[in-house]
1. May I ask for the distance between the Cα centers of the stretch A:17-85 and the stretch D:289-311, given as a whole number of Å?
2. In the stretch C:82-187, if every C-alpha pair distance is counted and binned at 10 Å from zero, what percent goes to each bin?
3. Accessible area per residue for the stretch A:123-166 in Å², computed with a 1.4 Å probe and the full protein assembly in place, what is it?
4. Cα atoms only, chain B: Rg and Dmax in Å?
5. Taking the Cα atoms of the stretch D:3-246, report the difference between the largest and smallest coordinate on each principal axis, in whole Å and largest first.
6. Leaving out ligands and nucleic acids, note down the accessible area per residue over the stretch D:310-369 with a 1.4 angstrom probe, in whole Å².
7. On the protein heavy atoms, probe 1.4 angstrom, tell me the percent of accessible surface of the protein assembly as shown carried by carbon and sulfur.
8. Cα to Cα, under 14 Å, and not fewer than 8 places away if on the same chain: which aspartates and glutamates meet these conditions relative to C:Lys95?
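The values are calculated or read from the model by the stated rules, or taken from the named source; none is laboratory data. Keep in mind that what you see is a predicted model, and the values were worked out from it rather than measured. Methodologically, a virtual Cβ is constructed for each residue, glycine included, from the backbone with ideal geometry; neighbour enumeration extends over all protein chains shown. Accessible surface is based on the protein model in full, side chains and every heavy atom, while ligands, DNA and RNA are left aside. Shrake-Rupley method; radii C 1.70, N 1.55, O 1.52, S 1.80 Å.
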Amino acid sequence: MIMDYSMSTVKDLPREEYFASGHRLCQGCPEAIIARLVTKVLGPNLIVVTPTGCLEVSTSVYPETAWKIPWIHVAFENAAAVASGVEAAIRALQRKGLKYKGRKIHVVAIAGDGGTADIGLQALSGALERGHDFVYICMDNEAYMNTGIQRSGATPLKAWTTTTPVGSKWRGKLQLKKDIPAIAAAHGIPYVAVASISHLKDFAYKVKKAAEIDGPAYIHVQAPCPTGWRFDSSKTIEVARLGVLTGMWVLYEIERGVFKVTVPVPQRRPVEDYLMLQGRFRHLTKEEIEEVQRYVDEQVEKVNKRAGYTAIGPVVRL
Amino acid sequence: MSELKKWFELPIGCTNIEPGSSLNNITAGWRVFTPVIDEKKCTKCYLCWAFCPENAIKIADDGFPKTDYRYCKGCGICSNECPAKAITMIRQEV
Amino acid sequence: MIEIRWHGRGGQGAVTAAELLASAAIMEGKWAQAFPSFGAERRGAPVQAYTRIDDKPIYNRSFIYEPDVVVVLDPSLLEGAELRDVLSGLKAGSKLIVNTKLSPKSLAEKLHFKGEVATIDATAIALEVIGRPIVNTAMLGAVVKTVGVVDPSSVLKVLEKRFSGGVLKRNIEAIKRAYESTLQEVA
Amino acid sequence: MAQRMALSTNYAIAYAVKNCDVDVIAAYPITPQTTVVERLSEFVANGELDAEYIPVESEHSALSAVIGASAAGARVFTATASQGLALMHEVLFMASGMRLPIVMSIANRTLSMPLNIHNDHQDMMSSRDCGWIQIYISSAQEAHDTVIQAYRLAERLDILLPVCVCYDGYVLSHTYEPVEVRDKQKVLEYTPRVERPHVLDPDKPITMGVMALPNYTYEFKYQVVDALKRVPKALEEVDAEFADKFGVKYGLYEEYMCSDADVIMIALGAIASTARLAIDNLRSKGFRIGLFRPRLYRPIPVELWKSVLRKAKMLAIVDRAIAFGGCGGPLFSDVATMFINDSERPLMINFIAGIGGRDVTVRDLEQMGLMAFKSLEEGLKEQCIYFGVRGVDYGL
């Protein structure tokens, strides 16, 4: 059974587990939290497609697998294409009365930001444009963590990675983060949402909604990586929460073109609170932090304009 | 090496036909700090259960969350997120 | 075995004509091949297509260099480099079938061609019957008439499978008119 | 009822796919393959074929999508050529490693640079060791029948490997010729649906496409080696069943006048078809020459090939691909390798011909045959002849 929209607390999350213990993800890994939640909300009539990446290599090392629902990995750049094929097969076989009879099987791709924003963007765009009935979830940890913390198109401005080092000429990443949910939304698909693991109810609601909507849905969920972002493994949720509270990670959905902030933040925390928790931003000077703050302020203004009210409030320094 | 399967003993097509077999991989050895739940303080909000990346916290029949130490890697999220401050991370001395 | 080389311009239907002729032969139980010569050509560029017909399986998969029949769909191909291509590989007994207003004799004189020549004003037929200068079916009629490698009724049957309604009617009419009005002579 | 039609090889393949009642087709346009999937999309559009047609955004995604669909239990098809096959390259290994019975047709075309849309076998030869069953055909009829056989072969539970049906771009893909289109009901009787043991099914959840460490990877790969070993016999059986049903038999190879031949010419696909005429002409001039056309090229049925070839004094191996920097063309290297430990073996001469759509005529092939005889008499001056390249003279 898929849980009810009206779930009031995390206590109401389904107790069934389809993502087993014993996987090899890092201590405090957000991807495990995401995989657990998505499979809980949509299992067991669910097929998951995962491209190459941390989640894949850490959950499927033979002879062990953490997956208790049907799961497939093929390559790095093709999760959306593989999911397209799975979805088409289910449709054809159901229509011909050969398999998957009489039930809704959810097809969900769970990918990282590299497999989504960079190498997998073409396959994702193709699948969204073709209108397959599937959910694509991007776990955004803002770099190539599986290969050892290299920059991706989703790495934010000024963040340190092993290929955006801090030197006399470079101060971390010189470019802005690619706005992937906006790219997904530009396809005119019925549902796009941004979620956070710090707000599980909101995330679960979006996963369920995405799966139930006919046609492609895209969910972008922040995945703070203790290893790559350089923070203590106990702080994964805390960092995620501060992303939301500083307005750096706005939780919204776009349902059939209608934009809505699902978790308003009446009073914003300064970006410093978020940045300073993480080693990847430790090199930032006061001026650079102010620059990031100004950028976030601009983004927040755009969000509020789009929402039609002050969904994300002003910065309040405690 | 003797316990490793031969080629014809493996499932075909790079598949694994034992769902959830990662349970065979006991990850307790990853742990440095061990979470201890103080049931007197616990409010049964289950945030620790929901946030645990290892799926290592189970809700017992008495309604209290219990840590499955075979799989707990000691990340400390449960302790950090517990609103009632009911979970303490303890250094286990060998 | 008879080998036919078709010369046209991209968009005129030389490839289709080659294929329709092969289809008619195949319908009669014969063996045939039809294939185009593709370059980077686009609409308007000179193109060639080929048809081979035989009573037994055809193994040769190379182009046709010494055709028994050359069909020219567009009179403008009878000049310069295009003319060289048209006349290339013609041997004793080769037949030339050309869409032109000229008589076979005057065309042969103009081209200094010795051999069998057939001419037909396919453009006039096409404009009159089809309303556009699509000459391939008219040329097909001329080929059927002068080469006699397939029965005219087979070509009509192939057309019936391919087209319907007014398009079918007009193309059949074009073939019939061409069949009746093709002139041939041995120069 | 079977129907004799004038079809190009591309269309002959489309009809075969239709009559195999394929469930999912994913493809991306590339010359000279495109008319295969154009025709298939027409079949889907007008309801003649009940399938999902996925118009993917690249060949990489085409193969990825059919992998997903095959993994979900569907009967699938894709087609490509040239750069498209090269773009699929990494995914080819995934399809075979995952043991998915995908059928793909490949209208062989050269690889850039220079850009050229015409035929040679460079595309497939660059992907020949990827665990797929590879069958080279030499007529539209054979393409039609081989696609039908391919499903039967690929879906056999003792095989479960992807199959590609290779045919010369343009030379075959765009040539109309007579094709007996097999009756759909008979086709489905011949290749009925098979329940595969490993598919994505919520009732029996499995993990597909695992990661393996050095301790298990070799064993998984060996499974593919093992399955390929079973292919020659399986294809013989599949071919015999096909003959029972449709009255036509192709074998694993075709031999023509080999039994007493001093020189045997070996060629794949369309060249082998044309070469028959060269053999006839040379025979009429008194040269004892034969022709060997491999049909099943991966896996190579080594002993079968050798049983035909070892009787010759000289093998003239015609490759329609260049192995840059190698010891001769890919087919040559394969044939040479199979004889390497035999104390008595034929001499071998390699002709690289037909590159980038360069026509290979009956006369060219006669000339190659004569060069082989001359080398046999006077000794090999050159082992690998880049036949017909302007500016190169081998003095033969």
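1. 46 Å
2. Pair shares across the bins are 16, 43, 30, 10, 0.
3. 27 Å²
4. Every Cα atom of chain B included, Rg and Dmax give 17.3, 54 Å.
5. Computed over the stretch D:3-246, the largest-to-smallest principal extents equal 53, 45, 34 Å.
6. 42 Å²
7. Carbon and sulfur: 54 percent of the exposed surface of the protein assembly as shown.
8. Output for C:Lys95: C:Glu3, C:Glu66, C:Asp68, C:Glu116, C:Glu185.
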